[in-house]
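Below is one structure, written out as structure tokens, with a few remarks after it.
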Amino acid sequence: MNTLEKPRDIEKRTFDFGLRIVKLCQFLEGRSWVNSTLGKQLLRCGTSIGSNVKKHRRRKVAPDFISKNNISLKEAWETHYRLRLLAAAEVVAESRLQPILDEALELKRILGAIVVSAKRNSKSKRV
């Protein structure tokens, strides 16, 4: 795989994203109480995405699969929002955050597509 290529496996991709969030939060820790508070919130939601993706992999029942992916989607939305706040408040230069902002946006799109597809497949099996 080319170093610029993103992994196709959602579990690997969300793990890598969570790792980037951890490193960002380490950078924010101790700089100011606002940075520390935002960092803790970002750490919770940014690492929760991969955790819930991992949990859904073991779920074989459609409602559980949809639920876990929906939680991951909500956490991705929250993570993207908090990253935008950090950029807008100029806590971290937007140019430095842009790659992780882009990845958060892509994860929202991927997880949204997974949820929509799973719901559609679940409904068609009931008919």
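The values are calculated or read from the model by the stated rules, or taken from the named source; none is laboratory data. Everything quoted here is computed from the prediction, not taken from an experiment. Cβ placement follows ideal geometry from the backbone for every residue including glycine, while neighbour counts extend to all protein chains displayed. Keep in mind that these areas ignore ligands, DNA and RNA; they rest on the heavy atoms of the full protein, side chains included. Shrake-Rupley method; radii C 1.70, N 1.55, O 1.52, S 1.80 Å.
Among the residues making up segment 44-64, those that are open to solvent by 60 Å² or more (accessible area, probe 1.4 Å), of a type outside the set (Val, Ile, Thr) and at pLDDT below 95 are LYS54, LYS55, ARG57, ARG58, ARG59, LYS60, PRO63, ASP64.
Across segment 24-40, not a single residue is classified as in contact with a helix residue (DSSP H, G or I) (Cβ under 6 Å, 6 or more places away or on another chain), in a helix (DSSP H, G or I) and open to solvent by 70 Å² or more (accessible area, probe 1.4 Å). Contact map, segment 1-23: residues that are over 13 Å from LYS54 (Cβ atoms) and surrounded by 11 or more Cβ atoms within 10 Å (Cβ to Cβ) paired with residues that are at pLDDT 90 or above and hydrophobic (A, V, I, L, M, F, W, C), Cβ distance under 7 Å, separation 6+ or inter-chain. Pairs shown: ARG20/ILE100; ILE21/LEU42; ILE21/LEU43; VAL22/LEU43. Annotation note: of LEU42, LEU86, the sole residue that is touching a Lys or Arg at 6+ places or on another chain (Cβ under 6 Å), more than 16 Å from LEU111 (Cα to Cα) and not polar (S, T, N, Q) is LEU42. Checked against (1) over 20 Å from ARG31 (Cβ atoms); (2) open to solvent by 40 Å² or more (accessible area, probe 1.4 Å); (3) at pLDDT below 95, GLU75 passes all but a single condition, namely (3).
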